[in-house]
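The values are calculated or read from the model by the stated rules, or taken from the named source; none is laboratory data. None of the values given here were measured: they were computed from a predicted structure. Backbone-built Cβ (ideal geometry, glycine too); neighbour counts: all protein chains shown.
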Amino acid sequence: DEFDIGSTKRLNGINQLEIWTDGKSLGHGWYADYVIVTDNRTGEQACFPIGEYLNKENGGVAINHLLLDKQTDNISCRERYQKQEDDMDTIRTRQMEAINSFITSSNDSSSAIVYKRTYHIDMKTGLSSTSTNADIYLQIHDKSGHISEPISLHSSTKHLNPFGKDKTDSFDIGIKKSLDSIAKLELYHNGTDLGHEWNVEYVNILDNTTGHSYCFPADKWLSNSEHLILNNYILNVSCEEVIKKQMEPKIDINSIETKQKRSFTVRTKTGSQVEAGSTTPIYIRLFDNHYKKSDKIRLKQKDKDGHHFQPGSIDEFHITSDKPLKTLIAIEISHTADKYQGWYGEWISVTDNDENETYCFPLQRWLDKGEVDGKTDIYLKYVPTVIPCEQLPDTMKRRSLLLSTSIQSSTIKNIVEEFKSLYHIQTKTAKKGLLALSSTGTNASVFIRIHDKDGKVSEPIELKNSIDHKNKFARGKIDDFDVGSMHELNSIDKIELWTVGKDINNGWYPEYIQITDQKTNEVSCFIIEQYLNERYVELKDNHIIVDKQKDNRICDELKKNNMINLYDKNYDQTKQNLLPSVESQGRFQVEIKTGHTGFLGLGGAGTDAPVFIRFYDSNDRKSEAFQLKYSTKHKNKFERNQTDYFIVHTDEPFDDISKLDLWHDGHKNDGWQVDYINIFDNKTNTSYCFPINTMLDRNSGLKQTNIHLENPLINVSCKEETEAIKRNRSFTSTSKKLKSDKLSRNYTIQIKTGNHASAGSTTPIHLQLIDLYDKKSKDIRLKKKDMEGHHFAPGNIDEFKITLSESLSILKAVKLSLDAHKYQGWYGEWISITDDDNQEIYCFPIQRWLDKGENDHKTHVTLYQQSTIPCNQLSDSILIQSLPMNDDNNEQSSNSEGNIQASVTNSLLLDQRYENSGSHNFQVCTKTADKSLQGKLERDANVYLNIYDKNNKQISSSIRLHNSKNHKVPFQRHHTDKFEVTIPNIKINDIDRLDLYHDGQNDGWFCDFVEIKNPQTNEIKCFSVHQWLDKVSDDRIQFSMTNYQNVSCDDKQNAINYQYYTVRIKINTTNLISNDTVNIFIKLFGKSHHTERIQIDRTIDNTQAFRRNNSIDTFEIRTPIKLNSLQKIEFFYEFSSNNRKFSLEWIEITNLSNGIISCFPVNRIFTQSDINRGMQQVLTLTESNNKPCSY
């Protein structure tokens, strides 16, 4: 460090130096190498070597100064210091030579020893000890109980004869075993007489692999063949420091580091571009050279909730760490924001206020999930530098130097010679979709072709290297490109634009493209605002052609982020400052306020859909439809809780504004909550306020995306008036006033339950009312007076009378809640609240589940959105439940309904066989795994069972599994459902096969098992399914089961964890008949395990196998042996007659647990000779592929 100082006294020459520190705590010791003082008047230079700590021991404190004499020899301080450094290098070199000689010292000089771990050891011999000639050995124990081999400590890097009295020896050692962190040390020597007794003061060992040091204080004598165990150590503190602290009074060895707070000043520099700034919380963590680290500390000003890191700004923060940190070696910077909400930092400067030491950490990068590496946290090591952070150049890329500098370098001259026209192109990728989170960026290649006014056209130019971002064309980002054309073009007239790329990530939605001619500085603006994908001319052969905008300022307006609020108290002055000659720009200014919250109190109040407006005057003149495209305040218009301003001009001679139409062209998820519209007529200086407070959404609220408004409020602040009348049902300027003298209020509550059979509930439902001033009522349970509870029946409208002791103002929200287990919740359509004191009616649409089993798991919701039409006119939102199968009015899809109904009708004939047999009630259990069963549009899915006996005859009609006894909604993920069914009087053991099928969506249902139980006899049959039920034919999704066990499917103690496979075998020819006996077995082999022999004689539909020519037989097999992969199979066969044979083409095996298919080609004829009759023949198949055999 260098300092410029002065003295009020005139001194002649420099003779001595008096130096001291005024600190008294542990952190205030200072180790000084030297001090050089230069007399600026005479040029005399005096050197004062120090080379030690300034503390009490050497008189370097305030009460006892250290007095130094000037060095008289001709060696300068810097030369002396360099010599000391060179000596240290020599010592380090000797240490490396010592360890290398130690490593290579072996009886077999031709083989080098490879050490798994190396250590550096400092060992001090006690002051009271005598020197020893004995060989000292060391063994290291780790925390896992492993022990190293004995290590001889004989080659000290400091002394020729080690272990001298009061001497410290250093050793570099290696071990052949791989140990974990050190737990203890074992020391011993081979001396046998009294002269070999040795006192060790401490052992300090550094693990070169982890960088951790372990200080083992000892002060123990080691005598004849005694093993000394050291198991108390101090981590990452040198033994020398431990000894010094022990010598100081009132310092406990176990608390060497006194707890103290440290204060730091942190300064950050944000990148200069507009998108570099952020309001995202940024956190810092500090690391010191003793392996201590601070907690994560948020960078914000004291007493502020957050901080805005402005583009190009340097921000200063004062933070405190509770950890007693020493010299900083690194910091960690982090945040938790989503994509494109991150921060670009240039540098971070940290000043230790206690030590007055400043550390500069260049950052120079994005912390954003949307960047190439997606990092939102980074660890920065401190690298000493003479350049302070404030002098570091900005690295965030601005526009290329080609834009602002004359073409001088040879490189740029070559570019000019190659290109006859040079352009700077800027593109803006839009934000779209619900919450503006739709994918608008692209990974495709983007090309442009420039047309000038003379009809000349450039070659295709790829926008390849963005100046701003490594990952170009990202959602919401602006990219700049410097390009050139071989053609000499004049003024730009239009552009062609296209992308090359066809996958899902190659759609691109550019907002605009702005082109600057580098020679003439002419700026051309092109508004795109549509997707470039397969639908919108993504292909190379079909380009989009865009004409140049007449007003090039439009592109600049889209880039503006922070403009003055046009509607404040100084409106007229602001208007003139911001928009000079407003009348020349437009007749009307339109102010639109987007609501705070979307439908059902959720987010998504804003929209990216195109918004249109049309005016009417009192003479019924109407304007054309205006699209509100360019907000003069925000680049992203119609965001949640945002006010936007637009300039609209019409040549129609409007006298006033009496009504207007407002609409948007959004799709299903493009709902928009509008609070109000205020129209300011620049010609008449009149404002027209239209309060709205409506959700324009196809799925909620008015169920429409357009609204007609009349009766505006003239020259009234829309913002203030809307707060007062936003809860009224009409759009007039009057508002009903509440009676102020009422101390209690009476309300009538009407609430409608969804008409689905599962929508109802007996669960207690609670209500809380919230008024405009956020005053809340008590929690009210909805039930009839003197009743313990209430049943909210499906489709019912229930009415309740409540009285509140508190007086509420106009209601702005209601909260509904319940407390129930999964699938025991409730579906509400709407809640209507009538204030009986002034007949004010509030309608809050609900239209959702309150159930832990739903996607958001919510059992409570706060409703802010009110309907402008009465609740009883709102249409139902929940799907109607499908009717039973035997109902003539069943509303099923035509294909599925026809096939399944035919199956049921035919199966009714089966009941006649059992009509005199009686019937019994059985319990059927199904277990759903990871995939729930989903119904098709407008109805629920139905699941059916067909039951077959051992003669493959169907028992009774198809059985529909409905009305689960333990779940409101059956066949949900990880649920076991129980059903009661009636089956003709037949024993459980006579059931041999099931057909399980459903009419749900084609993505299927994953069923684990089906269990049938007779509750009277407790007989059980468990059919293992464990696979998807997907569509197979006739719009029916079906699966047949033949394997079962006679124990409960849920019996975890006795049940075996089977592995299931499907085996398909292609038979070309066969002469087997039904009376023939044939024994067929199969055996599966993995890499290290194999299954038992598994017989395959009957197919999954319970028919005899290998009896049909040119057919495929399908079997389901199970085994308790789990195979990681299928390597080969063995096929065993045995005929009862010598003249029987069949030929197979292939065998296909599917592992049902992972879906992996193995196809084994066979192509051979199987026969049995007279000699081998009665003996099994074996065919081994090893060649397979992972495609279906029938592929």
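Side notes on the structure shown:
- Residues that are outside any loop (DSSP other than H, G, I, E, B) and charged (D, E, K, R) were ranked within region 355-389; the one that is farthest from ARG262 (Cα to Cα) is ARG365.
- Checked against the criterion of being modelled with pLDDT of 75 or more, part of a strand (DSSP E or B) and closer than 30 Å to LYS965 by Cβ, region 706-724 has no qualifying residue.
- The residues of region 785-799 that are over 16 Å from ILE833 (Cα atoms) and either aliphatic (A, V, I, L, M) or in contact with a Phe, Trp or Tyr (Cβ under 7 Å, 6 or more places away or on another chain) (or both), listed by number, are MET787, PHE792, ALA793.
- Taken over region 1144-1165, the criterion of being part of a strand (DSSP E or B), at pLDDT below 90 and surrounded by 15 or more Cβ atoms within 10 Å (Cβ to Cβ) is satisfied by THR1150, ASN1151, ILE1157.
- Listed by first and then second residue, the pairs linking a residue in region 67-96 that is within 19 Å of TYR53 (Cα to Cα) to a residue that is assigned to a loop (DSSP other than H, G, I, E, B) and at pLDDT 70 or above, with Cβ atoms under 7 Å apart and 6 or more places separating them unless they lie on different chains, are LYS70/ILE14; LYS70/ASN15.
- Scanning region 676-715 for residues that are of a type in the set (Asp, Glu) and under 34 Å from the mean Cα position of the chain (by Cα) yields a single hit, ASP697.
- Checking each residue in region 823-843 for being modelled with pLDDT under 85 and surrounded by 17 or more Cβ atoms within 10 Å (Cβ to Cβ) picks out TYR823, GLN824.
- Between GLY342, GLY312, the distinction of being small (Gly, Ala, Ser) and within 27 Å of the chain's Cα centre (by Cα) belongs to GLY342 only.
- Those residues of region 457-491 which are crowded, with 18+ Cβ neighbours inside 10 Å, at pLDDT 90 or above and of a type in the set (D, E, K, R), in sequence order: none
- The listed residue being loosely packed, with under 15 Cβ neighbours inside 10 Å, farther than 26 Å from TYR359 by Cβ and modelled with pLDDT under 85, out of ASN15, ASN64, ASN40: ASN64
- Per the listing PHE1039, PHE1006, PHE979, the residue uniquely of a type outside the set (Ser, Thr, Tyr), part of a strand (DSSP E or B), modelled with pLDDT under 80 and closer than 22 Å to TYR823 by Cβ is PHE1006.
- Taken together, TYR340, TYR359 contain a single residue that is modelled with pLDDT of 90 or more, hydroxyl-bearing (Ser, Thr, Tyr) and either out of contact with any Phe, Trp or Tyr (no Cβ under 8 Å at 6 or more places or on another chain) or within 30 Å of TRP30 (Cβ to Cβ) (or both), which is TYR359.
- Within region 260-311, being in contact (Cβ under 8 Å) with a residue 24 or more places away in the chain and acidic (Asp, Glu) holds for GLU275, ASP288, ASP295.
- Residues of region 260-319 classified as charged (D, E, K, R) and in a strand (DSSP E or B), total: 9
- Residues in region 274-289 that are of a type outside the set (Phe, Trp, Tyr) and crowded, with 17+ Cβ neighbours inside 10 Å: GLU275, ALA276, GLY277, SER278, THR280, ILE282, ILE284, ARG285, LEU286, ASP288.
- Filter pass, ILE147 being aliphatic (A, V, I, L, M) and crowded, with 19+ Cβ neighbours inside 10 Å: no
- In region 332-354 there is at least one residue that is within 19 Å of SER278 (Cα to Cα), in contact with a helix residue (DSSP H, G or I) (Cβ under 9 Å, 6 or more places away or on another chain) and assigned to a loop (DSSP other than H, G, I, E, B).
- Condition check for SER809: touching a residue at least 60 places away in the same chain (Cβ under 8 Å) and assigned to a loop (DSSP other than H, G, I, E, B): yes
- Annotation note: of ILE1065, ILE1094, the sole residue that is among the β-branched types (Val, Ile, Thr), within 28 Å of THR926 (Cα to Cα) and either modelled with pLDDT of 90 or more or exposed (fewer than 15 other Cβ atoms within 10 Å of the Cβ) (or both) is ILE1094.
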